[in-house]
Number of protein chains: 2
Amino acid sequence: MNPDVLRGHMDALLLSVLEREPLHGYAIIEALQERSGGALNVPTGTVYPALRRLERIGYLASEWATVGGRKRRTYRLTDAGKKQLEGERSAWREFTNVIGGVLRANAVSR
Amino acid sequence: MNPDVLRGHMDALLLSVLEREPLHGYAIIEALQERSGGALNVPTGTVYPALRRLERIGYLASEWATVGGRKRRTYRLTDAGKKQLEGERSAWREFTNVIGGVLRANAVSR
DNA sequence: CTGTCTGATATAGACAGCCTACATATAGAC
DNA sequence: GTCTATATGTAGGCTGTCTATATCAGACAG
């Protein structure tokens, strides 16, 4: 998939994946891969900065944990994050309607 | 709509709007507004450079015309552009399936 | 005949955010 | 001991969208 086509949708993806349960960065990457049927291979250089940004904004909160000798920073949705996720979902619907509508304008009718 | 969420989809929009008939930049902007029900207000600083880029790549060709004393550069799809548009459409479908799928993962089932 | 609006094209520079590449470290398998 | 999987992180590049600005012609109000 074209690289920066994800631009502007990373937040929605991350928040969505954290809705079910708190996860650490590495597990988030795996979850995205899994849920997309392998289509989403988001690099660590994208995910970790994004998670920090979302925490700074207040949509996520994190805690350190040590599991099997390895350190993990586990992120969870805050209340603001849940609210934001709803916003992201409706923005996504509007976005796909608008762009999809324009793209279909010629292809379908006529 | 969030500004740079269009990133990576401008090409598809421009090619799609030019599929029906050749248009000049200003008319393309109006056409996008019209077809999106007013949702797409793409600034000239986005459209004109994008059109030039698409011409440089070979997806568009342009000619100057003078209508009522005003100069217009009219763009039309090349054969490569038509082919590219098909590619953009299927990429769009895949894109929406993948992201939409992840976003719906929690919202729907369960 | 001046000012302002619409139509029309264009460029420079800012900005955001995704990506590549790299650095670091532990656990477990072999 | 070396390799792979697990795990987090930063620096810098890239690219394309946006903001702001400039220019010009015609129309039309006043």
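Where a number appears in this text, it was derived from the coordinates with a stated rule and is not lab data. Just so it is clear, the structure is predicted and the values come from calculations on it, not from any experiment. Reconstructed Cβ throughout: ideal geometry from the backbone, glycine too, with neighbour counts over all protein chains shown.
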Legend entry - Per residue, the convex hull volume that the Cα atoms of chain A enclose (Å³): 118 Å³
Inset, instruction - Just report the Cα centroid separation between the range A:40-110 and the range B:39-93, whole Å. - result: 31 Å
Inset, instruction - Name the long-range amide H neighbours of residue A:60: under 5 Å, sequence gap of 5 or more, or other chain; modelled H, no Pro or chain starts. - result: A:55, A:78
Inset, instruction - Summarise the partner chain shielding of A:38-44 as one whole number: the mean count of Cβ atoms from other chains within 10 Å of each residue's Cβ. - result: 2
Inset, instruction - Rounded to the nearest 10 degrees, what's the angle between the helix B:44-57 long axis and the longest principal axis of chain B, both from Cα atoms, 0 to 90? - result: 80 degrees
Legend entry - Projected area averaged over orientations for the protein assembly as shown, convex hull of C-alpha atoms, nm²: 14.6 nm²
Legend entry - Folded to 0 to 90 degrees: helix A:79-107 orientation relative to chain A principal axis, Cα: 30 degrees
Inset, instruction - Per residue of B:8-21, count partner chain C-beta atoms within 10 Å of its C-beta, then hand back the mean as an integer. - result: 3
Legend entry - On Cα atoms only, tilt of A:10-20 relative to the major axis of chain A in degrees: 60 degrees
Legend entry - Helix-only mean residue ellipticity at 222 nm for the protein assembly as shown, each DSSP H run of n ≥ 4 adding -39500 (n - 2.57), per residue, nearest 500: -19500 deg cm²/dmol
